[in-house]
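Single-structure report; data block below.
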Amino acid sequence: MAAAAQTQASPTTGSVVELRHVHKWYGEFHVLKDINLQVRLGERVVVCGPSGSGKSTMIRCINRLEEHQRGHIFVEGKELTNDLRQVDAIRKEVGMVFQHFNLFPHMTVLENLILGPTWVRKIPRKEAIDTAMMYLERVKIPEQANKHPGQLSGGQQQRVAIARSLCMKPKIMLFDEPTSALDPEMIKEVLDVMVELAEEGMTMICVTHEMGFARTVGDTMVFMDQGEIVEMAPPAEFFANPKNERTQLFLSQILSH
Amino acid sequence: MTDRTAAHEDWTRPPAATTGVIGWMRKNLFSSWLNSLMTLLAIYVLISTIPGLFQWAFIDAIWGDNPPEVCKNMPGACWSFINEKYRLILFGVYPYEEQWRPLVAMIIFLTLIFGSCIKPLWVLGKWIMAIWAVGLVMVGILMWGGVLGMEYVDQSQWGGLPLTLFLATFGAVLSFPLAILLALGRRSDMPAIKTICVVYIELIRGVPLISILFMASVMFPLFLPTGVSIDKLLRAVVGLILFSAAYGAEIVRGGLQAIPRGQYEAADAMGLTYWQKMGKVILPQALRITIPPMVNGFIGGFKDTSLVLIIGLFDLLYATRLAFQDISWRPYYIEGYVFCALIYFCFCFFMSRYSQWLERYLAKGQNY
């Protein structure tokens, strides 16, 4: 790999997120192997793969919850480096929804929603509350604003978590298995919110096993296995005609029931 | 609903309370032969101690203003000793005529403490700090004097309960922020800060409080230029703060470790800075769960202040001992210790109850 080419790297025009030759190790374990991915503005990327394939690690590298050790990651034209201010600037623009919601249990729903806007974006409290209520309407739980997260169902908590990310007015949304910790009857209410978000043109990178969702809203399917991107294709092609054996095996396992 | 018959009534209702006094006793005190044995043993212990104690403390006791000779060879407690010496116990060797000053100072000080603990007064918000500042200046003026026609009283003459309260309060309150910083430092990614905090905590925890007080009192002045001297009380307070901060740091660290990683990640993903993340998200949760061990530490620290006697400060316990140095009252040291213990108990019990209330209050709405 030409080192000179790497140091002069700059993002490809037109991509809001770009991963170029990204590697990561946990000790001796090579968890991300030469990941290359470009995400255009408004593109919906769905990442799937067996557990331990590195898909969560990959999207967690995009807002630096994990550090990559080789290669380059660009978000909105800015490269992720050790510069903490650069990292904070990127995190402002990137919303993240976690598998376990990670709402702050000591705050009310509303306080959860206005924390980022008031402290990171320095928006006046009054305005932040208005925005927060608007997003709570959109995820259809404005009446829960003054409850604590512990008093809500899993589906409601995840919708609050999505609203919390949206309050920061992010340009890109990352979803890390947002429905995996939910009871079956609550999955739909969360997916509905995500579909709506996709229809509005939000750039999304979504790690999920919800293949129905992937088919409806996905622009690009990414299949990962053992730390590599094995296959990348539009959903129609991906589901109808997977090229790689590992993809075929994976799809046969998750679609067989 | 309306056609429910009488026969239905008895199974649609919860079973009638079968407890009553006898029922309760059978269920809780005599449910098995082992339980019965324990109950009888407990009753025996109570019977063999309580009446005797009661007899000594109340029935046979000698109350009121009596000379020590009256108590001689009497079976009961000699509370006349407390009657005679309570001012020495409470205020130490503070000039007798001026003892209203530490009394008023102590009342102001306790009002500040209790006032800060009461929820309706929390609406004052930042004003509480200002009120404290004013209150402490008043306490200082009263204790030292030298102005407003009050005679100057050197700090070496302070003593008794006010001294114990000052030491305990400043030791606890000021060690708390230091403890938080040490705990955060110990979990820091920065090796230099981490090392400093680990070394500090392990070093201070590894030595007895007495040796720290000794160092603060005897060794510290050696490092100061000649002519400069720092108040002995201040040195003792600094020693107490440094000591309890090391213990507090480990308690806070435990709390920090109990907060799930997802909380840190959610705060990071939002773009909060380190101090925003800690101040708004992590510490409020971590400190709530550290209330019980923290208060445990404060209660311990409150009683540890009695060790300052080794550097010559007359705290409550030492003042009590001074009281029965008086040769004619010497046999009545038990009464002195009981009185002193009751005072300690009142404060410790308050702290304990308050922490339980605070825990419940902060847990409101968070059922996790």
- Note on the structure: Here the net charge surrounding B:ASP315, from other residues whose Cβ is less than 15 Å away from its Cβ (Lys, Arg +1; Asp, Glu -1), is +3
- Task: Calculate, in whole percent, how much of the Cα-Cα pair population of region B:95-152 lies beyond 17 Å.
- Result: 43 percent
- Query: By per-residue mean of other Cβ atoms within 10 Å, what is the highest-first order of B:164-172, A:208-216?
  - Reply: B:164-172, A:208-216
- Let me know the charge dipole size of the protein assembly as shown about its Cα centre in debye, to the nearest 20, where only the beta-carbon of Lys, Arg (+1) and Asp, Glu (-1) is charged. 460 debye
- Would you please state the base-10 log of I(q)/I(0) at q = 0.09, 0.14, 0.15 1/Å for chain B, with intensities from the Debye formula using one equal scatterer on every alpha carbon? -0.75, -1.28, -1.36
- Query: Using a 1.4 Å probe, what is the accessible area per residue for the protein assembly as shown, in Å²?
  - Reply: 52 Å²
- Note on the structure: Diffing region B:336-353: the Karplus 3J(HN,Hα) column from phi (6.51, -1.76, 1.60, θ = phi - 60°), in whole Hz with x for Gly and Pro, holds x, 5, 4, 4, 4, 4, 4, 5, 4, 4, 4, 5, 5, 5, 4, 4, 4, 5
- List the cysteines in the protein assembly as shown whose Cβ has no other cysteine Cβ under 4.7 Å from it. A:CYS48, A:CYS61, A:CYS167, A:CYS206, B:CYS117, B:CYS197, B:CYS340, B:CYS346, B:CYS348
- Query: Between rounded, prolate and oblate, where does region B:32-146 land on the alpha carbon gyration tensor, with a ≥ b ≥ c its root eigenvalues, rounded for a/c under 1.5, else prolate if a/b exceeds b/c?
  - Reply: oblate
- Where does each of B:VAL70, B:VAL134 land when they are ordered by accessible area, with a 1.4 Å probe and the largest first? B:VAL134, B:VAL70
- Which three extents, in whole angstrom, do the alpha-carbon atoms of region B:115-236 cover along their principal axes, largest first? 55, 46, 25
- Could you tell me which of the pairs A:LYS24/B:LYS280; B:LYS194/B:LYS364; A:LYS92/A:LYS188; B:LYS126/B:LYS277; A:LYS55/A:LYS78; A:LYS78/B:LYS194 are separated by over 26 angstrom between their Cα atoms in the structure shown? A:LYS24/B:LYS280; B:LYS194/B:LYS364; A:LYS92/A:LYS188; A:LYS78/B:LYS194
- Task: Quantify, in whole percent, the carbon and sulfur part of the accessible surface of region B:217-291 (1.4 Å probe; protein heavy atoms only).
- Result: 67 percent
- Relative to the compact globular guide of 2.2 N^0.38 Å, what is the alpha carbon radius of gyration of region A:180-257, as a ratio? 1.15
- Message: Which one, B:LEU309, B:ILE299, B:ALA286, is farthest towards the positive end of the dipole of region B:273-368 when Lys and Arg carry +1 and Asp and Glu -1 on their Cβ?
- Response: B:ALA286
- Query: Within straight cross-link reach of B:LYS232, meaning Cα distance under 29 Å, which lysines are found once same-chain residues fewer than 8 apart are removed?
  - Reply: B:LYS85, B:LYS303
- Using the C-alpha gyration tensor of the protein assembly as shown, what are the square roots of 5 times its eigenvalues, in whole angstrom, with the largest one first? 64, 35, 22
- In degrees, nearest 10, range 0 to 90: what is the angle between the Cα axis of helix A:109-119 and the longest Cα principal axis of chain A? 70 degrees
- In debye to the nearest 20, how big a dipole does region A:104-257 give about its Cα centre with +1 on each Lys and Arg Cβ and -1 on each Asp and Glu Cβ? 680 debye
- Computed label-point distance, nm, for sites B:PHE345 and B:LYS119 using a 7 Å Cα→Cβ extension: 2.9 nm
- Taking a crude spin-label model, label points 7 Å out from Cα along the C-beta direction, the A:LYS33 to B:GLN257 distance in nm is 3.7 nm
- Item | Charge dipole (debye, nearest 20) of region B:173-287; +1 at Cβ of Lys and Arg, -1 at Cβ of Asp and Glu | 60 debye
- Item | Cα shape, chain A, gyration tensor, a/c 1.5 rule | oblate
- Note on the structure: Averaged over the residues of B:261-268, the number of partner chain Cβ atoms within 10 Å of each residue's own Cβ comes to 6
- Leaving out ligands, DNA and RNA, calculate the buried accessible area for the pair B and A with a 1.4 Å probe, summed over both sides, in Å² to the nearest 100. 2000 Å²
- Query: Is region B:137-176 rounded, prolate or oblate when judged by the Cα gyration tensor, a ≥ b ≥ c being the square roots of its eigenvalues, rounded requiring a/c under 1.5 and prolate requiring a/b larger than b/c?
  - Reply: prolate
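The values are calculated or read from the model by the stated rules, or taken from the named source; none is laboratory data. Because the structure is a prediction, the values reported are computed rather than measured. For neighbour counting, all protein chains shown are included, and Cβ atoms are generated from backbone atoms with ideal geometry for every residue, glycine included. These accessible areas exclude ligands, DNA and RNA; they are computed on the full protein's heavy atoms, side chains included. Shrake-Rupley method; radii C 1.70, N 1.55, O 1.52, S 1.80 Å.
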